[in-house]
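**Student:** The structure is given below, and queries will be raised subsequently.
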Amino acid sequence: MKEFFDKLIGKMNPPKEEEIKAIKEDDQLSRQVAAIYGLLAAILGSDKLVLRAGKLDALEQMRSDDIKERILALEKLVYENPTLDKLPEDEEIPKILEGLEEEIADIMARRTVEEKIEKKISDKMDERHQEYVKEIKMQVLKEENASVENAQTLKRYADLEAMDERKLTKSVMELLRPSSLAEVVGQERAIESLRAKLSSPYPQHLILYGPPGVGKTTAARLVLEEAIQTKFTPFEKEAPFVETDGTTLRWDPRDMTNPLMGSVHDPIYQGAKRDLAETGVPEPKPGLVTEAHGGILFIDEIGEMDAMLQNKLLKVLEDKRAYFDSAYYDPSDENVPKYIRKLFEEGAPADFVLIGATTREAGYINPALRSRCAEIYFEPLTPQHIQKIVLNAAEKLEVNISPEIAALISEYTIEGRKAINILADAYSLALQRGNHTAMSNVTIIKDDIYKVVQVSRLSPFVNNKSSKQAEVGKVFGLGVSGFLGSVIEIEAVAFPAHEKGKGTIRFNQTAGSMAKDSVFNAAAVVRKTTGRDLSDYDVHVNVIGGGNIDGPSAGTAILAALISALEEKPIRQEVAVTGEISIQGRVRPVGGVFEKAYGAKQAGITTLVIPKENEKDIPKGHLGLEIHGVETAEEALNILFEK
């Protein structure tokens, strides 16, 4: 009944306008606060919102009927600040709600961006994961199924395996190559010097000069094997001996290819590894100088190397490293592997001992390179050396030969390698000639050697032979070409001129202008020595064979031939002479005396007449020769003319 009357009174007394407005504002504020709670729940999730409220001590305030406590709870939740405890005033509420809405808007914006980024990251990770899984599958398939092979590649592999099973016996050169320094014939001085320079704690770079086939390469390899065993050697037991040939070292000035120094394979044109090509990373390829690190780099025929390549080699010798450069290299690229970065920034190690061998003269080698190398001259081989090499080779071949066979072979070559080839060819002929069923008891005869000589179109290396019989107007001079000496046969004849004072001097032009000057110098000395004027005679001087005489060293020999022809004095034919003649009758020093001695020995000469100043160039008793140093023409003539 009371409720009925209250409603009735209410209808009879309706609320005022201010009360209605306040009710509407409270209702709007409640909806706004509820909306903010709804957004926060949507962002965090209902469960996380309740958990956060519990941690921030806002759970009871959040559930309160008082709107101000609910707003305070919102502040704690949005700003994550549990220390807030002041209820907002009525006039502060709109500003507080506006700030809460802006903060929630920022949170929503950040959340949206983070979700997008997380999605992209997730997508990328999934993509990379799929690629990784795919690569693993391909690798497993390759390992399981050997998919890189097919019927054709397997057949080729089988062919190679079959070829490896078929082996011939060793080649003759491999069988007969010296296996110890004691077997290297005729190079005792050179080997002693080579051993001293390599067996030292501080080994030197070397250049070996000498004619072909005398054992330069073999000696270098054997000395390294010996040096490794010495006490103070810097070489390790596995020290490499890298051998190459200067005539075959081709390179590109752009350094795209350089087998000696190394080169850089760019990722586009030169086939860097696939993983490097895909990322655009160039790949350095170290060369022979790095392969020889810690050992010896042997360059045969170093005199044939390109001059620019010699300069590059000089730089490596100074730095002991080989450096690389490429326009494709980017030091800031994170895809560059450590080893490639190290090669570009520090270079490849190249600390080795250089040994260069050449059959050319020293002038063909870069002077700066020569200045950093010790120089050793290997000596030409004498007939006695060749005979010893042949006899040693025959012992290894287990073939019967007589000393006459070795002597015959020595007439056709001064190269140890060529002598072995002649012996090997004759050995094959002997096997066929005797119809041998086994390789034992094979005997080589002279006819076998002559057949090899005829087929190979060989001629005796020395045509000029000495003689015990003295001759008038004929003398042996000496010349040199490269590292080989030779005997020059000079002859002269003289006849009284038809009219006194109108004689002529004839000389073969092919001998060269220098030899012609020597004739006129000799003519002046003839007049001073004998009192005869060559203008009263018709004189003909001839160099047999017409060879070019490059230098004045034939002057003394021409003088002896002229005086012999004029006075009919016989000249000893087992004597050879060299030396420039001055118009004062002095015998001047000349070059190549050491090599000329070998030429004299080859021709059977027993006595050598040289300038006094050249005596220091030849050891006493060198090659068993009787050597006389002279200062004047008279001293030379006293030895040359038969007593």
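Any read-out appearing in this document is the output of simple, stated calculations on the displayed coordinates, not a laboratory observation. Quick caveat, the model's predicted, so the values are computed rather than measured. Cβ coordinates were reconstructed from backbone atoms using ideal geometry, including for glycine residues, and neighbour counts include every protein chain displayed.
**Student:** Tabulate in residue order the Karplus-calculated ³J(HN,Hα) for region 523-528, using 6.51 cos²θ - 1.76 cosθ + 1.60 with θ = phi - 60°, rounded to whole Hz; enter x for Gly and Pro.
**Tutor:** Once rounded to whole Hz, the list reads 4, 5, 6, 4, 5, 5.
**Student:** Per residue, how much space in cubic angstrom lies within the convex hull of the C-alpha atoms of region 386-455? Mind showing how you got there, number by number?
**Tutor:** Details: hull volume 4.9 nm³, N = 70.
For region 386-455, the hull spanned by Cα atoms encloses 71 Å³ per residue.
**Student:** Another one. Which value at 222 nm does the chain reach when only helices count, each DSSP H run of 4 or more adding -39,500 (n - 2.57), with the total divided by all residues and rounded to the nearest 500 deg cm²/dmol? Numbers along the way, then the final one.
**Tutor:** Numbers: 23 runs with 299 residues, N = 643.
So the calculated ellipticity at 222 nm is -14500 deg cm²/dmol.
**Student:** May I ask which of Lys237/Lys620; Lys197/Lys612; Lys451/Lys601; Lys516/Lys569; Lys320/Lys418; Lys312/Lys418 have a Cα-Cα span longer than 30 Å here?
**Tutor:** Values: Lys237/Lys620 40 Å; Lys197/Lys612 32 Å; Lys451/Lys601 27 Å; Lys516/Lys569 23 Å; Lys320/Lys418 38 Å; Lys312/Lys418 35 Å.
In this structure, Lys237/Lys620; Lys197/Lys612; Lys320/Lys418; Lys312/Lys418 exceed 30 Å between Cα atoms.
**Student:** Work out how much length Lys500 to Ser481 would gain on full extension: take 0.36 nm times their residue separation and subtract the Cα-Cα distance, in nm to one decimal. All intermediate terms of the calculation are to be shown ahead of the outcome.
**Tutor:** Details: separation 19, 0.36 × 19 = 6.84 nm, distance 4.10 nm.
Full extension from Lys500 to Ser481 adds 2.7 nm.
**Student:** Further, regarding this structure: Test of understanding: what is the full-extension gain from Arg372 to Asp106, defined as 0.36 nm times their sequence separation minus their Cα-Cα distance? Working shown, then result.
**Tutor:** Details: separation 266, 0.36 × 266 = 95.76 nm, distance 7.60 nm.
Residue separation times 0.36 nm, minus the Cα-Cα distance, leaves 88.2 nm.
**Student:** A 24 angstrom limit on the alpha carbon distance is what I want to check against. Which of Lys55/Lys119; Lys134/Lys285; Lys502/Lys528 exceed it? Walk me through the numbers on the way to the answer.
**Tutor:** Numbers: Lys55/Lys119 30 Å; Lys134/Lys285 31 Å; Lys502/Lys528 19 Å.
Where the Cα-Cα span goes over 24 Å, the pairs concerned are Lys55/Lys119; Lys134/Lys285.
**Student:** Another question, then. Can you give the relative contact order of region 333-430 as a percent, counting alpha carbon pairs under 8 Å and 6+ residues apart? The partial results should precede the final answer.
**Tutor:** Details: 44 pairs, mean separation 23.0, N = 98.
Once normalised by length, the contact order is 24 percent.
**Student:** Right, here's the next one. May I ask you to order 396-402, 120-126 by the average number of other C-beta atoms within 10 Å around their residues, highest value first? The partial results should precede the final answer.
**Tutor:** Numbers: 396-402: 16.9, 120-126: 10.0.
For the peptides 396-402, 120-126, the packing ranking is 396-402, 120-126.
**Student:** Right, next: Relative contact order of region 471-640, please, whole-number percent, based on alpha carbon pairs below 8 angstrom and at least 6 residues apart. List each step's numbers first, then the result.
**Tutor:** Numbers: 401 pairs, mean separation 45.4, N = 170.
The value is 27 percent.
**Student:** Amide H of Asn400 versus every other amide H placed in the peptide plane: which residues, excluding those fewer than 5 positions away on the same chain, fall under 5 Å?
**Tutor:** Amide H to amide H, under 5 Å and 5 or more residues apart or across chains, Asn400 pairs with Val442, Thr443, Ile444.
**Student:** How large is the dipole of the chain about the Cα centre if only Lys and Arg carry +1 and Asp and Glu carry -1, each at its Cβ, rounded to the nearest 20 debye?
**Tutor:** Values: 82 positive and 104 negative charges, 765 e Å.
Roughly 3680 debye, rounded to the nearest 20.
**Student:** Region 154-234: which chymotrypsin sites (Phe, Trp or Tyr not before Pro) are DSSP loop and have at most 11 other beta-carbon atoms within 10 angstrom? It would help to have the intermediate numbers written out before the result.
**Tutor:** Details: sites: Tyr157, Tyr209, Phe232; in loops: Phe232.
Passing both the DSSP loop test and the Cβ count: Phe232.
**Student:** Something else: Starting from the amide H of Glu243, placed 1.01 Å from N in the peptide plane, find each other amide H under 5 Å away whose residue is 5 or more places distant or on another chain.
**Tutor:** Here Phe298 satisfy the definition.
**Student:** Where a Cα-Cα gap under 14 Å defines reach, which aspartates and glutamates qualify for Lys446, not counting those fewer than 8 residues away within the same chain?
**Tutor:** Glu404, Glu411, Asp425
**Student:** Which whole-number percent is the relative contact order of the chain (Cα, under 8 Å, 6+ apart)?
**Tutor:** Numbers: 1013 pairs, mean separation 57.8, N = 643.
This gives 9 percent for the chain.
**Student:** Still on this structure: Near the amide H of Ile488, under 5 Å away, which other amide H atoms are found, from residues 5 or more places off or on another chain, if H is placed in the peptide plane?
**Tutor:** Gly477, Leu478, Gly479
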